[in-house]
Structures are given as C-alpha cells and as structure tokens.
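J.: Have a look at the structure that comes next, please.
The values are calculated or read from the model by the stated rules, or taken from the named source; none is laboratory data. Here the structure is a predicted model, which means the values were calculated and not measured. Here the Cβ is made from the backbone with ideal geometry for all residues, glycine too, and neighbour counts use every protein chain on show. To get the accessible areas, we keep the full protein, side chains included, count just its heavy atoms, and leave off ligands, DNA and RNA. Shrake-Rupley method; radii C 1.70, N 1.55, O 1.52, S 1.80 Å.
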Amino acid sequence: MSDKLLVIGEARDGSLRNVTFEAISAAKKINADGEIVGVICGSDDLNSQAQEMIYYGADRVITVKHDNLETYTSEGYGQAIMTVINEESPNGIVMGHTAVGKDLTPKLASKLDTGLISDATEIDVDGGNAVFTRPIYSGKAFEKKIITSGITFVTIRPNNVPALERDDSRSGEVTSKDVDITDIRTVIKEVIRKASEGVDLSEANVIIAGGRGVKSEEGFKPLYELADVLGGAVGASRGACDAEYCDYSLQIGQTGKVVTPDLYIAVGISGAIQHLAGMSNSKVIVAINKDPEANIFNVADYGIVGDLFDVVPMLIEEFKKL
Ligand code: FAD
C-alpha cells in the first residue's frame with residue numbers, strides 16, 4: 001500500500017484546472033491514509049494555486065518556479081517533475097488525462113521504468129488494492145486493472161472522479177523548489193489561441209454539440225444560445241468541423257476531445273462510433289435528430305425525433321422560463 005502520492009497539478013491562465021482537484025480525490029481513494037503531495041510548475045507566483053491544492057485535500061505542496069516553465073513543454077516540465085519525483089520517491093503519481101497529462105506521463109513513466117494506467121474513469125479499492133476502470137476500444141468496453149509491481153502511476157479522465165469538498169480551514173506546508181531547467185530543445189516563442197468564449201469544453205458540465213445536421217456556421221448560433229442559457233459549452237462532431245461550420249477545437253470524439261459532462265445534448269449528430277468514443281460516458285445524453293433510426297438514439301437517455309431548427313428554439317424558450 002502506498003504511503004506517499006504525488007499529484008501533478010495543472011493550471012491554465014493562472015488558475016488550477018478542476019481535474020487537479022479530482023486527481024487529489026483520486027489519490028485519496030487509492031490510499032486514504034497516504035500523504036498527498038501536490039506539485040505545481042510555472043513561472044509566476046504559485047502560492048495561491050498551492051493553497052488551493054491544500055484546500056482540496058493535498059497535505060503539502062511543492063512549487064517549481066522557473067522562467068522555462070511559463071508554457072508547458074514536455075522537456076521543461078519533465079525535468080522539473082522528475083527532480084521532485086527523485087527527491088520525494090513517491091509510491092504513486094496521479095495526474096489528469098488532459099492534453100498535458102497525455103504528453104507528460106508516458107515520458108515520466110518511461111524515465112521511471114514503470115507502468116502507467118491511463119484514462120481511468122473509476123477507482124475502487126478491493127482488499128487494499130486499488131482497481132482502476134478504463135475504457136477500451138473507443139469506449140465500447142471497459143477493463144479493470146490493478147498494479148502488481150512498480151509505483152501506482154495513473155491518469156484520470158476529467159469529470160469522472162468527483163473532487164473533495166473545498167475546505168479553506170485546511171493547512172499544509174508549501175515549499176518552493178529551485179530546479180535548473182536546461183538543455184531545452186523546444187522553445188515556445190508565442191502561443192496564439194483560437195478565440196474561445198465561455199466555459200471550457202473539456203470541463204463543462206453541460207455540452208450542446210452540433211453535427212452536420214446543423215448545416216452551417218449560422219446554424220450553430222442557436223446552439224450557443226442554448227449553451228448560454230444552460231451555462232454550458234458548445235462542441236461538435238467531426239462532420240460539422242470538416243464542413244467548416246465550426247472550429248476543430250470543438251471536435252469531440254476519437255480524434256477530438258473526450259468529454260464526460262452531466263448533460264450532453266447531441267444536435268443533428270448521427271452517432272458514428274468515432275463520435276461516441278468521445279461522449280458516450282456522459283451522465284445524461286439527449287439526442288435531437290430527425291431520423292428515428294439514427295445510431296445516436298442507441299446511446300441516448302432521452303431522444304427527440306424532430307427538426308433541430310424547431311426543437312432547439314423551443315428548448316431555449318422553455319429553459320429561459322426556469
Ligand atoms: P452525419 O453522419 O452526416 O449526421 C448528420 C445527422 O444530422 C444525421 O443523423 C441526420 O439525420 C441529422 N439531421 C440532418 N438534418 C437535421 C435536422 N434538420 N434536424 C435534426 N437532425 C438532422 N467523428 C467525430 O465526430 N469525432 C471524431 O473524433 C471522429 N474521428 C474520426 C476518426 C476516424 C479515423 C474516422 C475514419 C472518422 C472519424 N470521425 C469522427 C467521423 C465519423 O465517422 C462521422 O463521419 C462523423 O461523426 C459524422 O458527423 P455527423 O454525425 O455530424 O454527420
């Protein structure tokens with residue numbers, strides 16, 4: 001049984017992502033009695049982020065601040081976190097299965113010569129052993145895994161393991177670590193972000209996703225309005241992205257984002273297996289499609305057979321009344 005678990009925190013625009021708190025909760029599930037040590041990298045003051053990790057359950061936090069950690073690079077973050085790992089010798093490491101987590105953790109696992117369970121959606125404890133559930137074959141099946149040797153190294157899918165309740169009365173030590181981050185062959189000169197408004201798709205609790213049935217960029221406007229009313233984000237099928245109705249950053253599926261919101265409303269999406277791979281774990285799925293035979297209805301909890309151009313405005317009106 002592990003007695004010290006490292007949780008690698010992840011921030012965006014100076015704020016920790018929710019999955020960091022979910023990773024702390026996952027670490028507690030893996031070993032309720034173990035010490036949870038948060039680690040957070042960056043180039044600015046990381047103290048408030050460290051405190052937040054403590055409020056959400058970390059026992060202490062190590063911050064690594066360096067100019068070369070302003071933007072994520074696998075080399076920079078890899079060096080910083082490997083230094084912490086070597087000093088702390090944790091029995092377990094937990095991180096979110098995000099774009100950064102997917103890039104960083106295999107590199108760390110290979111340097112540590114240990115295994116990695118990626119994309120866990122559930123953690124159970126059976127006879128003192130943590131059992132990890134993860135989707136396979138694009139979400140068509142689930143496998144359960146235990147770790148029999150090496151350290152417990154796992155990434156967790158965002159929005160699946162609920163974070164612990166924030167407790168501002170918790171306290172813990174925050175130490176800053178000086179790391180010499182050199183020999184970086186990749187230098188990020190500039191980051192040009194696609195303009196994105198509102199809720200972050202990968203962490204949204206409500207997603208309104210449009211498909212080729214939406215027919216145009218203009219057709220997406222009511223979806224944004226519905227997302228606004230419900231406090232959610234807009235996503236899309238690859239069909240809609242390929243047709244240039246929206247940006248590829250909205251694509252959900254096997255080659256897009258994997259999302260697990262509380263509510264997923266699929267609008268004019270047929271339900272191809274590659275799309276289902278990115279959303280079928282959503283808690284409640286509502287499908288709006290004019291074709292009653294559309295495959296999306298096979299995974300939907302609620303289906304509305306009808307023309308989306310009639311149904312979506314009706315939903316906006318009804319939800320506005322609530
Ligand atoms: P369509 O299949 O064309 O469906 C449109 C739907 O809209 C239909 O069901 C139709 O009945 C309905 N409709 C039309 N008009 C209306 C209306 N007025 N009202 C209501 N309903 C209407 N796809 C992804 O989404 N994500 C991925 O990550 C992805 N990765 C892929 C990877 C590979 C290697 C491959 C080969 C494919 C991938 N695809 C992916 C593509 C996928 O196979 C489908 O082609 C795509 O999902 C179809 O998008 P769609 O459902 O929007 O379009």
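J.: Would you say Glu165 is within 16 Å of the ligand (Cβ to nearest atom), at pLDDT 95 or above and either surrounded by 15 or more Cβ atoms within 10 Å (Cβ to Cβ) or of a type outside the set (Gly, Ala, Ser) (or both)? First the steps, then the outcome.
T.: Numbers: within 16 Å of the ligand (Cβ to nearest atom): no; at pLDDT 95 or above: yes; either surrounded by 15 or more Cβ atoms within 10 Å (Cβ to Cβ) or of a type outside the set (Gly, Ala, Ser) (or both): yes.
Against the criterion (within 16 Å of the ligand (Cβ to nearest atom), at pLDDT 95 or above and either surrounded by 15 or more Cβ atoms within 10 Å (Cβ to Cβ) or of a type outside the set (Gly, Ala, Ser) (or both)), Glu165 does not qualify.
J.: On to the next question. Test Ile208 against the criterion of being among the hydrophobic types (A, V, I, L, M, F, W, C), part of a loop (DSSP other than H, G, I, E, B) and either more than 16 Å from the ligand (Cβ to nearest atom) or surrounded by 12 or more Cβ atoms within 10 Å (Cβ to Cβ) (or both), and give yes or no. So that I can check it myself, show each step before the final result.
T.: On the way: among the hydrophobic types (A, V, I, L, M, F, W, C): yes; part of a loop (DSSP other than H, G, I, E, B): no; either more than 16 Å from the ligand (Cβ to nearest atom) or surrounded by 12 or more Cβ atoms within 10 Å (Cβ to Cβ) (or both): yes.
Here the answer is no, as Ile208 does not meet what is asked.
J.: Among the listed residues Ala240, Ala287, Ala266, Ala236, which satisfies the condition of being small (Gly, Ala, Ser), open to solvent by less than 10 Å² (accessible area, probe 1.4 Å) and touching a Lys or Arg at 6+ places or on another chain (Cβ under 6 Å)?
T.: Values: Ala287 fails: touching a Lys or Arg at 6+ places or on another chain (Cβ under 6 Å); Ala266 fails: touching a Lys or Arg at 6+ places or on another chain (Cβ under 6 Å); Ala236 fails: touching a Lys or Arg at 6+ places or on another chain (Cβ under 6 Å).
Exactly one of Ala240, Ala287, Ala266, Ala236 is small (Gly, Ala, Ser), open to solvent by less than 10 Å² (accessible area, probe 1.4 Å) and touching a Lys or Arg at 6+ places or on another chain (Cβ under 6 Å), namely Ala240.
J.: So, one more: Tell me which of these Ile81 doesn't satisfy, since it passes every other one: (1) part of a loop (DSSP other than H, G, I, E, B); (2) closer than 19 Å to Gly38 by Cα.
T.: The single condition Ile81 does not satisfy is (1).
J.: Which of the residues spanning the stretch 215-245 are of a type outside the set (A, V, I, L, M, F, W, C), over 29 Å from Ile136 (Cβ atoms) and within 12 Å of the ligand (Cβ to nearest atom)?
T.: Of the residues in the stretch 215-245, the ones of a type outside the set (A, V, I, L, M, F, W, C) are 215-219, 221-222, 224-225, 228, 231-232, 235, 237-239, 242, 244-245.
So of that shortlist, the ones also over 29 Å from Ile136 (Cβ atoms) come out as 215-219, 221-222, 224-225, 228, 231, 244-245.
Matches in the stretch 215-245: Lys215, Ser216, Gly219, Pro222, Tyr245.
J.: Kindly establish whether Ser282 is of a type in the set (Ser, Thr, Tyr) and within 9 Å of the ligand (Cβ to nearest atom).
T.: no
J.: Could we say that Asp307 is near the ligand (Cβ under 7 Å from one of its atoms), among the charged types (D, E, K, R) and surrounded by fewer than 23 Cβ atoms within 10 Å (Cβ to Cβ) here?
T.: In short, yes.
J.: In addition: Yes or no: Tyr248 within 13 Å of the ligand (Cβ to nearest atom) and modelled with pLDDT under 95?
T.: Yes; evaluated as a whole, the condition is true for this residue.
J.: Residues that are closer than 21 Å to Gly278 by Cβ and at pLDDT 95 or above: which strands (runs of 3 or more DSSP E) entirely in the stretch 102-157 hold 3 or more of them? Quick ask: steps written out before the conclusion?
T.: Values: elements: 117-120, 122-126, 129-136, 141-145, 152-156.
In the stretch 102-157, 117-120, 129-136, 152-156 are the strands (runs of 3 or more DSSP E) which contain 3 or more residues that are closer than 21 Å to Gly278 by Cβ and at pLDDT 95 or above.
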